[in-house]
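The values are calculated or read from the model by the stated rules, or taken from the named source; none is laboratory data. In this text, all values refer to a predicted model and were calculated from it rather than measured experimentally. In this analysis, Cβ positions are derived from the backbone assuming ideal geometry, glycine residues included, and neighbour counts consider all displayed protein chains. Side chains are part of the model used for accessible areas, which takes the heavy atoms of the whole protein and leaves out ligands, DNA and RNA. Shrake-Rupley method; radii C 1.70, N 1.55, O 1.52, S 1.80 Å.
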Amino acid sequence: MDPDRFTQLDVTTWQIPQQGNMRVPGILYADRQLISDMDDKVWEQLANVAALPGIVQAAYAMPDAHWGYGFPIGGVAAFDPDLGGVVSAGGVGFDISCGVRTLTTGLSVDELQPHRETLADFLLYRIPAGVGSTGRIRLRDAEMTAMLEGGADWAVRQGYGRREDLERIEEHGRMAGAVPEAVSERARKRQRDEMGTLGSGNHYLEVQAVSEIYDPEAATAFGLQPDAVVVSIHCGSRGLGHQIGTEFLREMALSAQQYHISLPDRELACAPLNSPLGERYLGAMRAGINCALANRQILTHLTRDVFAHVLPEADLQLIYDVSHNTCKEETHTVDGEKRRLFVHRKGATRALGPGHADLPEMFMNSGQPVLIGGSMGTASYVLAGMATSEEKSFASACHGAGRAMSRHQATRRWRGEDLIDELAGRGIIIRSHSYRGVAEEAPGAYKDVSAVVEAAEQAGLARKVARLRPLVCIKG
């Protein structure tokens, strides 16, 4: 994409001035090279989001932005219900509450090294992954309803994890306002056998080493130290979230005329926040968030079991769990006035700065952990939210490297078997049930995550705390 299509405000801030049917400007945070590597659709989609009813301040795109469904992935937008603001299923995404959690293990790389192959094999055996993967948990209707209502809190009550995990999860592991009755029977059926599964695509479970510390004080608050082994889990609400998105997008598109909404793009189908349809979607989406939180909690329990078998001296302690496909009701200051807004973050991570009232006590001085996954075989990062992110992006930051090419393009360029051998030569063990899935997630198919992180820090969205290098990766 040509950076000159934007008005440059500073080194990492680029604006689409309000024009045409745009109600607010569009703002993209990135450096010139990252913009040059983006597809042109990012500009178009950002401008379209800025045209939606009730949007306030600006439509934002993060440094990892790329083309998505309706909203760009890496898109952030806030809507005021008192100004006719809307909720868009496309602005949340199909994988509702897809997110990352990272855990310390209490192990050093030297302690892990003799057991890496065995650990990789056991993780692949114990963690269901891949397209259509199912787990050993089978939920009856009443259990499904309880899970959609209770999230990770429900999972802990079922014996999957520890009560202390909950204070280190967004919303303390349970999203309030969920309406399980708004989730269709088909969505429930798709999820019945999928709890405790990774799925496919860019989802993974990765064993990593802390290779560099940038902010020692924040790293200490997060429990990170040089050469320590950590585990990161990236997944979401699986089939249930996808079905919710599919059904409500269709219904929102059909209802647009009824609500007198002129859509700049059918993929931006939405409904007024104060409408029956909007309220029903919010209830179903919040249930989807709880599904994802419960899913990651169960996967954590399974991972702890594997470590207990292979490395019984390990103690997996949760650092934090943060989602990046949500719409949340939050209070933000706009034009000097505190307002109740509904913030869409699609492929974007909440990044609360130090002192924010919603932070757990242990992160009050450091700011919220922001977990940035790299592509397969590349580094990941732990960041911390900054106070400046509130005014910059409704306290939001990037969520990962961001794709540079489609999965189809990646499979034409790389072979999964070759990538596994190449990464093994670099000391990275890859385990997967699908060579195609490995090829789709080739490191070269993604942007340079270090450039994305640098841009986020320079823009004042989140600051670097630690760099994580991959040791073992379980892929779908």
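Kindly indicate which of 176, 253, 187 is under 27 Å from residue 135 (Cα atoms), small (Gly, Ala, Ser) and surrounded by fewer than 24 Cβ atoms within 10 Å (Cβ to Cβ).
176
Go through (1) surrounded by 14 or more Cβ atoms within 10 Å (Cβ to Cβ); (2) touching a strand residue (DSSP E or B) at 6+ places or on another chain (Cβ under 7 Å) for residue 356 and report which single condition fails.
(2)
Using beta carbons and a limit of 8 Å, which pairs, at least six apart or on different chains, have the first residue in segment 155-171 and without any contact (Cβ under 8 Å) to a residue 40 or more places away in the chain and the second one open to solvent by 70 Å² or more (accessible area, probe 1.4 Å)?
166/172; 166/174
Do we have residue 472 as open to solvent by less than 10 Å² (accessible area, probe 1.4 Å), modelled with pLDDT of 95 or more and under 13 Å from residue 381 (Cβ atoms) here?
No: the conditions fail for residue 472.
Scan 129, 142 and give me the residue that is over 30 Å from residue 474 (Cβ atoms) and either of a type outside the set (Asp, Glu) or in contact with a helix residue (DSSP H, G or I) (Cβ under 6 Å, 6 or more places away or on another chain) (or both).
After ruling out the rest, the residue left standing is 142.
Checking the conditions here, which among 125, 160 is hydroxyl-bearing (Ser, Thr, Tyr), more than 19 Å from the chain's Cα centre (by Cα) and not in a helix (DSSP H, G or I)?
Only one candidate qualifies: 160.
Need at least 1 residues that are open to solvent by less than 40 Å² (accessible area, probe 1.4 Å) and in contact (Cβ under 8 Å) with a residue 40 or more places away in the chain per element, so show me which helices (runs of 4 or more DSSP H) inside segment 399-445 make the cut, counting only ones lying wholly within it.
Answer list for segment 399-445: 416-425, 435-440.
How do the pairs read when you match residues in segment 456-476 that are closer than 21 Å to residue 74 by Cα with residues anywhere that are open to solvent by 10 Å² or more (accessible area, probe 1.4 Å) and among the basic types (Lys, Arg), using Cβ under 7 Å and keeping only pairs 6 or more apart or on different chains?
From segment 456-476, the pairs are 457/463; 457/464; 459/392; 460/392; 461/392.
Which ones in segment 370-380 are more than 15 Å from residue 348 (Cβ to Cβ) and part of a strand (DSSP E or B)?
Correct list: 380 only.
I'd like the residue in segment 222-250 that is within 30 Å of residue 365 (Cα to Cα), out of contact with any Gly (no Cβ under 9 Å at 6 or more places or on another chain) and not β-branched (Val, Ile, Thr) and, out of all such residues, is most open to solvent (accessible area, probe 1.4 Å).
225
List every residue pair whose Cβ atoms lie under 8 Å apart, where the two residues are 6 or more positions apart in sequence or sit on different chains, the first residue falls within segment 342-354 and is at pLDDT 95 or above, and the second residue, located anywhere, is hydroxyl-bearing (Ser, Thr, Tyr) and assigned to a loop (DSSP other than H, G, I, E, B).
Hits for this filter: 353/388; 354/366.
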